[in-house]
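What follows is a set of notes on a single structure, which appears directly below.
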Amino acid sequence: MTNWPDRIREIRFREGWKQGDMARALGVSQASVSQWERGIHAPPRRLHDCLFQKLSDGSHDRLFLALRASVASSPNLCGLFSLKDGQVIIEAQSEAGYELYPLLNREDIGKPINGKLGPEMDQAVEFLIEAGAWDGRVSSARICGSAKRGDLEFCATTTHTPFMIENGVWVVRSECRIYVDGERCCQRHGEPFPHMVAFPV
C-alpha cells in the first residue's frame, strides 16, 4: 500500500513546491493536498499515474546525489567518477581525502583524472575503462598500486564499484586503503604489486 503522506511530501520537497504550488500543478485545491499529507484522504485514482511519474522522475538524480553524499562523508580516501567522451571525470572526493591524502584538490572536481596522478594511475584508469566499469560489464574491481603528484606518493588498495544512475549511464565509486609499503597492498591476496583485477557481472 502506498504511503501517500510521505510520497506527497517527497514530491513537494523534490520539486520545491508549497502545497499551493502542488495544488495548481495537479488542478486540485490546496485543502486536498493538505488532506493527502495528513492521511485524511488519498489522492484520487485519476492522479495516481501522474504522481507515480513524479516519483520516478529524477530517481537517477537521487541515486547520484546519494552516492556523492556517501563519498563526501566517507572517513577514507574515496572518490566518485564518471566517463565522458572517453575521459574519466572526477565527480567528488571525500572530505577526509582532502585532509589526509592531498593528491587531489577541490579545483580538480569536474576535470579528467588522466595525467594527474602519475603513469601507474593512468594505467589503472585505462584498465577500468577497458574492463567495462562504465558500461555494465563489471560488478567490481580491485587495484593495488601507487599514485603520485608532485613530491607526494601513496600506495593503496582500491576497490571500485559501478552504479547505473540511469539507462546506460554509470558512475564508479572508488574507496582506498593507504599503505606506507606498497608490497603490503597485495600480500593478503598473494598478488604482485602493482596488480589490477576486475570481477565480471
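Please determine whether any residue of segment 95-105 is crowded, with 16+ Cβ neighbours inside 10 Å and in contact with a Lys or Arg (Cβ under 8 Å, 6 or more places away or on another chain). Yes, there is a match, as at least one residue in segment 95-105 is crowded, with 16+ Cβ neighbours inside 10 Å and in contact with a Lys or Arg (Cβ under 8 Å, 6 or more places away or on another chain). Scanning segment 24-53 for residues that are of a type in the set (Lys, Arg) and surrounded by 13 or more Cβ atoms within 10 Å (Cβ to Cβ) yields a total of 1. Can you find even one residue in segment 141-163 that is at pLDDT below 85 and in contact with a Leu (Cβ under 8 Å, 6 or more places away or on another chain)? The answer is no; no qualifying residue exists.
Selection of segment 75-110 for residues being in a loop (DSSP other than H, G, I, E, B) and either among the basic types (Lys, Arg) or within 11 Å of Ser174 (Cα to Cα) (or both) yields Asn76, Ser94. Only residues that are surrounded by 14 or more Cβ atoms within 10 Å (Cβ to Cβ) and farther than 12 Å from Tyr101 by Cβ were counted across segment 149-158, and they come to 1. Sub-8 Å Cβ pairs linking a first residue in segment 136-149 that is outside any strand (DSSP E or B) to a second residue that is exposed (fewer than 15 other Cβ atoms within 10 Å of the Cβ), at least 6 apart or interchain, are Gly136/Met164; Gly136/Val201; Arg137/Pro200; Arg137/Val201, ordered by first then second residue. Screening the candidates Ile89, Ile113, Ile143, Ile109 for the property of being among the aliphatic types (A, V, I, L, M) and surrounded by fewer than 16 Cβ atoms within 10 Å (Cβ to Cβ) yields one hit, Ile109.
Here Val125 fulfils each of the conditions (1) farther than 30 Å from Trp4 by Cβ; (2) free of Cβ contacts under 8 Å to residues at least 60 places away in the same chain; (3) part of a loop (DSSP other than H, G, I, E, B) apart from (3). Listed by first and then second residue, the pairs linking a residue in segment 21-42 that is without any contact (Cβ under 8 Å) to a residue 24 or more places away in the chain and closer than 16 Å to Pro5 by Cα to a residue that is of a type outside the set (A, V, I, L, M, F, W, C) and in a helix (DSSP H, G or I), with Cβ atoms under 7 Å apart and 6 or more places separating them unless they lie on different chains, are Met22/Arg12; Ala23/Gln30; Ala23/Ser32; Gln30/Gln19; Gln30/Gly20; Ser34/Gln19; His41/Gln35.
Is it fair to say Ser56 is crowded, with 17+ Cβ neighbours inside 10 Å, out of contact with any Lys or Arg (no Cβ under 6 Å at 6 or more places or on another chain) and either closer than 21 Å to Val171 by Cα or at pLDDT below 85 (or both)? No, not satisfied. Pick out, from segment 2-41, the helices (runs of 4 or more DSSP H) lying fully within it that include 3 or more residues that are within 21 Å of Leu63 (Cα to Cα). In segment 2-41, 4-15 are the helices (runs of 4 or more DSSP H) which contain 3 or more residues that are within 21 Å of Leu63 (Cα to Cα).
The values are calculated or read from the model by the stated rules, or taken from the named source; none is laboratory data. Bear in mind that the values here come from a model prediction, so they are computed numbers and not experimental data. Note: ideal-geometry Cβ built from the backbone for every residue, glycine included; neighbour counts use all protein chains shown.
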